[in-house]
Amino acid sequence: MLVRMSAADYRLSSFLDSRLLAPGMTAAWFDYGPLAVAAELIVPRPLHVIFHTGHVGSTLLSRLLDEVPGVLGLREPHPLQTLAEMADETHAREAYQARLKTFLRLWSRGFEATRAVVLKATSIAGRIAPDILAAMPEMKAVYLNLPAEAYITAILASPSGQADLKTFEALRHNRLSMRLGRELPQGQTAGELAAIAWMVERDNQEQARAAGGRRVMLLDFETLLGDLEGNLAQLLRHFDLPPVAARLVKSPALTRYSKAPEQLAFSPQVRADLMSRARGMHAKEIEKGLALIGALQPAG
């Protein structure tokens with residue numbers, strides 16, 4: 001499905017999936033073959049990626065980069081999740097690689113004023129980060145993350161985070177079982193499910209860094225907030241973007257909830273207060289999650 005969108009439409013959208021569809025939008029289905037041919041005619045702009053472990057401020061970072069002159073931000077296009085599912089099917093490898101190449105070219109086309117495109121991946125698509133980096137050797141990436149305790153706390157503090165744990169429980173359970181070489185028992189608590197999610201997503205991050213080397217910048221979200229201007233300046237250099245970090249730290253995006261800026265006020269201080277309350281409310285579950293990580297992580 002192709003949907004006609006303006007640059008302003010992209011800027012407003014938090015997710016490039018069915019949630020962006022609204023009455024009056026022009027949309028139509030096309031066969032893949034002609035679309036793949038058309039994609040080869042695109043003169044691509046530089047395409048960079050925000051990978052992340054989930055619930056670590058990636059939408060905020062994407063919205064901040066939207067304010068860099070010449071940047072077009074694409075947030076979580078649904079085909080990324082479909083491509084990740086194709087990658088899991090060994091018999092579909094050739095079709096997967098062809099479609100990955102096609103969609104990366106489509107995402108790199110931009111508008112006339114676009115200097116670079118910054119694609120924010122869906123967290124669950126982090127498992128194909130090495131393939132994405134291999135398909136576009138000039139691409140650079142940032143991988144947003146949190147340490148285990150902060151990650152588990154952030155997941156438990158968020159209703160959408162806990163829903164995410166259930167949605168992808170089976171996938172993460174299977175991936176961690178494969179990594180450990182043994183089947184994990186069922187019936188984990190919320191804190192333990194968050195721990196499994198952290199281990200799987202951290203493994204995705206390590207594989208991306210191994211595949212991309214210096215092309216992949218690792219960034220702890222709390223470290224980012226601790227020196228926002230300095231870390232944004234480093235990231236802008238990494239992506240070869242204009243040095244406008246001093247402007248970005250004054251952005252209204254820092255006062256709104258990034259996934260629904262039109263609805264909710266939010267800020268780094270509000271987040272810190274929320275995390276503090278969550279540490280008190282979910283102390284036992286956080287402890288269970290950290291204990292599971294300690295039990296499952298290989299020594300060293």
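Worth pointing out:
- Restricting the range 72-87 to residues that are under 12 Å from the mean Cα position of the chain (by Cα) and either among the hydrophobic types (A, V, I, L, M, F, W, C) or open to solvent by less than 10 Å² (accessible area, probe 1.4 Å) (or both), the residue that is nearest to I124 (Cα to Cα) is L80.
- For the range 234-251, the tally of residues that are touching a Pro at 6+ places or on another chain (Cβ under 8 Å) and either free of Cβ contacts under 8 Å to residues at least 40 places away in the same chain or open to solvent by 70 Å² or more (accessible area, probe 1.4 Å) (or both) stands at 2.
- Reported count of residues in the range 74-94, each being part of a helix (DSSP H, G or I) and closer than 16 Å to S62 by Cβ, is 1.
- Elements of the type helices (runs of 4 or more DSSP H) sitting completely within the range 1-67 and holding at least 1 residues that are within 28 Å of P137 (Cα to Cα) and among the charged types (D, E, K, R): these cover 7-12, 58-66.
- The listed residues are E89, E76, E94, E85, and the only one of them that is in contact (Cβ under 8 Å) with a residue 12 or more places away in the chain and among the charged types (D, E, K, R) turns out to be E76.
- Test result for T114, in contact (Cβ under 8 Å) with a residue 24 or more places away in the chain, more than 25 Å from D17 (Cα to Cα) and more than 16 Å from the chain's Cα centre (by Cα): no
- G126 meets all of the listed conditions (1) touching a strand residue (DSSP E or B) at 6+ places or on another chain (Cβ under 7 Å); (2) open to solvent by 10 Å² or more (accessible area, probe 1.4 Å); (3) within 21 Å of I293 (Cα to Cα); (4) not aliphatic (A, V, I, L, M) but one, namely (2).
- Scanning the range 132-147 for residues that are within 15 Å of the chain's Cα centre (by Cα) and open to solvent by less than 40 Å² (accessible area, probe 1.4 Å) yields I132, L133, A141, V142, Y143, L144, N145, L146.
- Of all residues making up the range 268-290, the number that are in contact with a helix residue (DSSP H, G or I) (Cβ under 8 Å, 6 or more places away or on another chain) and farther than 17 Å from G161 by Cβ: 3
- Restricting H52, H48 to residues that are closer than 30 Å to P242 by Cβ, of a type outside the set (A, V, I, L, M), touching a Ser or Thr at 6+ places or on another chain (Cβ under 9 Å) and touching a residue at least 40 places away in the same chain (Cβ under 8 Å) narrows the list to H52.
- The set of residues in the range 181-233 being open to solvent by less than 60 Å² (accessible area, probe 1.4 Å) and assigned to a loop (DSSP other than H, G, I, E, B) consists of L184, Q188, T189.
- Filtered residues of the range 25-52 (kept if within 18 Å of V118 (Cβ to Cβ) and in contact with a Leu (Cβ under 9 Å, 6 or more places away or on another chain)): I42, P44, R45, L47, H48, V49, I50, F51, H52
- Being surrounded by 18 or more Cβ atoms within 10 Å (Cβ to Cβ) and either at pLDDT 95 or above or under 30 Å from Q234 (Cβ atoms) (or both) holds for only one residue in P69, P46, and it is P46.
- Selection of the range 1-34 for residues being surrounded by 10 or more Cβ atoms within 10 Å (Cβ to Cβ) and either β-branched (V, I, T) or in contact with a Cys (Cβ under 6 Å, 6 or more places away or on another chain) (or both) yields only V3.
- Contacts under 9 angstrom Cβ, first residue in the range 155-180 being within 17 Å of D88 (Cα to Cα) and exposed (fewer than 15 other Cβ atoms within 10 Å of the Cβ), partner β-branched (V, I, T) and at pLDDT 95 or above, 6 or more apart: R179/V200
The values are calculated or read from the model by the stated rules, or taken from the named source; none is laboratory data. Here the structure is a predicted model, which is why all the values come from computation and not from measurement. All Cβ positions, even for glycine, are placed from backbone atoms using ideal geometry, and neighbour counts span all protein chains on display. Ligands, DNA and RNA are stripped out before the accessible areas are found, and what is left, the full protein with its side chains, is counted by its heavy atoms. Shrake-Rupley method; radii C 1.70, N 1.55, O 1.52, S 1.80 Å.
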